[in-house]
Amino acid sequence: MKTTMKNAMLLLVTFAVSSLTAQTQSIDVETSSIKWVGTKVVSGSHDGTLNFSSGSLTYENDVLSAGEFVVDMNSMVCTDLEGNSKKKIEKHLKSDDFFGVASHPEATLTISEISADADGNYSAVGDFTIKGITQSIPFTLETTDDALVAEVTIDRSKHNIRYGSGSFFDNLGNKAISDDFNLTVTLKL
């Protein structure tokens, strides 16, 4: 009986200490946001938004130590166009030419490395999985009063998104689309 009581107390103390040092918090998927911008090589761009399905941040001693996020690729919308043009580009972006949403309805990010600076901001490396292909990308997370904000540049060609890419096709002229697309990610708890 004494051994069982000691084990229970040890388990309780271990849980209490780990609760004080590591805390995982879910992001608010309704107020967190992802804004994207894709550009043509010569001129022009399109922009829009994506929604999170889920996400969490882990803090150890009040310092961010990890994060995992799932993006609903079906939520992709274009915000700079209206009507049929908007519907057409959204359908094309979701097709196999770009993100292949029918086969890959989710994209994920797992923060694999992170370190805090003196200002409370973070340098991070994230493992981005898009179309089933994972690439590690460095980025900075800036701390604001009510959120963490990251500006991320992703090379779509490394995720087998080839449509209009000068890395794969010659003679595209003014129809070439930049391999890089930019995300502004705002995380709110």
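The values are calculated or read from the model by the stated rules, or taken from the named source; none is laboratory data. The shown structure was predicted, so the numbers you read here are calculated from the model rather than taken from an experiment. Every residue, glycine as well, gets a Cβ built from its backbone with ideal geometry; the counts of neighbours run over all protein chains shown.
Tabulated values for the structure
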{"item": "Filter pass, residue 69 being closer than 20 Å to residue 182 by Cα, of a type in the set (Phe, Trp, Tyr) and within 15 Å of the chain's Cα centre (by Cα)", "result": "yes"}
{"item": "Scope segment 127-137; condition out of contact with any Gly (no Cβ under 8 Å at 6 or more places or on another chain) and either within 14 Å of residue 65 (Cα to Cα) or not polar (S, T, N, Q) (or both); matching residues", "result": "127, 128, 130, 132, 133"}
{"item": "Failed condition for residue 170, given (1) assigned to a loop (DSSP other than H, G, I, E, B); (2) modelled with pLDDT of 95 or more", "result": "(2)"}
{"item": "Filter pass, residue 114 being within 27 Å of residue 26 (Cβ to Cβ) and not in a helix (DSSP H, G or I)", "result": "yes"}
{"item": "For residue 136: the one exception among (1) within 17 Å of the chain's Cα centre (by Cα); (2) in contact (Cβ under 8 Å) with a residue 60 or more places away in the chain", "result": "(2)"}
{"item": "Unmet criterion (only one of (1) under 22 Å from residue 139 (Cα atoms); (2) modelled with pLDDT under 95) for residue 7", "result": "(1)"}
{"item": "Residue under evaluation residue 115, criteria (1) exposed (fewer than 13 other Cβ atoms within 10 Å of the Cβ); (2) in contact with a strand residue (DSSP E or B) (Cβ under 6 Å, 6 or more places away or on another chain); (3) in contact (Cβ under 8 Å) with a residue 12 or more places away in the chain, criterion not met", "result": "(3)"}
{"item": "Top-ranked residue in segment 143-162 [being part of a loop (DSSP other than H, G, I, E, B) and touching a Phe, Trp or Tyr at 6+ places or on another chain (Cβ under 6 Å); ranked as modelled with the highest pLDDT]", "result": "161"}
{"item": "Among the candidates 39, 58, residue that is closer than 22 Å to residue 149 by Cβ, of a type in the set (S, T, N, Q) and modelled with pLDDT under 95", "result": "39"}
{"item": "Test: residue in segment 87-109 that is of a type in the set (Gly, Ala, Ser), within 28 Å of residue 60 (Cα to Cα) and in a loop (DSSP other than H, G, I, E, B)", "result": "no"}
